[in-house]
Amino acid sequence: MLMSAEPEAFDDHARSLRGGKREATQLQWPHHLRRADGVDPRRNHFRHQQPAAHQSLTASDAEVGTAVGFAFRELKLVVEPGGAVGLAALLAGRIDISGKNVVIVLSGGNVDEDLYAKLIA
């Protein structure tokens, strides 16, 4: 099963999958969520993803920050917050991995230096 992950409260992809048509978020993308700006819902490509993704999960801003720190400490990877949302959902227990082979895509290194220092501390 193919899944996608996105920040909480900006789950337009999940809503689009449930509704079968593009659902845009009406909320303003908040500055504090710049941690995951790579998955800003205004960049939703629902019509390209609809046939592939079966489920969309969410992760909080705090969970994304934890995932970035985990990737640095445990995996020795520099991952930007938007590229760690799937890992955040996994670490938060939103993905049942028992008896399954699981692939989580981690990407990017485009992150503000000061923010990154706080996330890995």
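The values are calculated or read from the model by the stated rules, or taken from the named source; none is laboratory data. Please read these numbers as outputs of a predicted model, since none were measured by experiment. Positions of Cβ are generated from backbone atoms using ideal geometry, with glycine treated the same way; all protein chains shown enter the neighbour counts. Heavy atoms of the whole protein, side chains included, go into the accessibility calculation; ligands, DNA and RNA do not. Shrake-Rupley method; radii C 1.70, N 1.55, O 1.52, S 1.80 Å.
Filtering segment 75-103 down to residues that are in contact with a strand residue (DSSP E or B) (Cβ under 9 Å, 6 or more places away or on another chain) and part of a loop (DSSP other than H, G, I, E, B), which residue is modelled with the highest pLDDT?
Among those residues, the one meeting the criterion is Ala92.
Looking at segment 7-25, can you tell me whether even one residue there is among the charged types (D, E, K, R), at pLDDT 90 or above and either outside any loop (DSSP other than H, G, I, E, B) or open to solvent by 50 Å² or more (accessible area, probe 1.4 Å) (or both)?
So far as segment 7-25 goes, no, none of its residues is among the charged types (D, E, K, R), at pLDDT 90 or above and either outside any loop (DSSP other than H, G, I, E, B) or open to solvent by 50 Å² or more (accessible area, probe 1.4 Å) (or both).
Pull out all pairs, ordered by first then second residue, where Cβ-Cβ is under 6 Å, the residues are six or more apart or on different chains, the first lies in segment 105-121 and is surrounded by 13 or more Cβ atoms within 10 Å (Cβ to Cβ), and the second is in a loop (DSSP other than H, G, I, E, B) and of a type in the set (Val, Ile, Thr).
Note: pairs meeting the criteria are Leu106/Val79.
Going through Ala67, Ala84, Ala89, Ala62 one at a time, which residue ends up being free of Cβ contacts under 8 Å to residues at least 12 places away in the same chain and surrounded by 11 or more Cβ atoms within 10 Å (Cβ to Cβ)?
Ala62
Only residues that are closer than 15 Å to Glu6 by Cα and among the charged types (D, E, K, R): list them for segment 69-114, please.
The answer is Glu80, Arg94.
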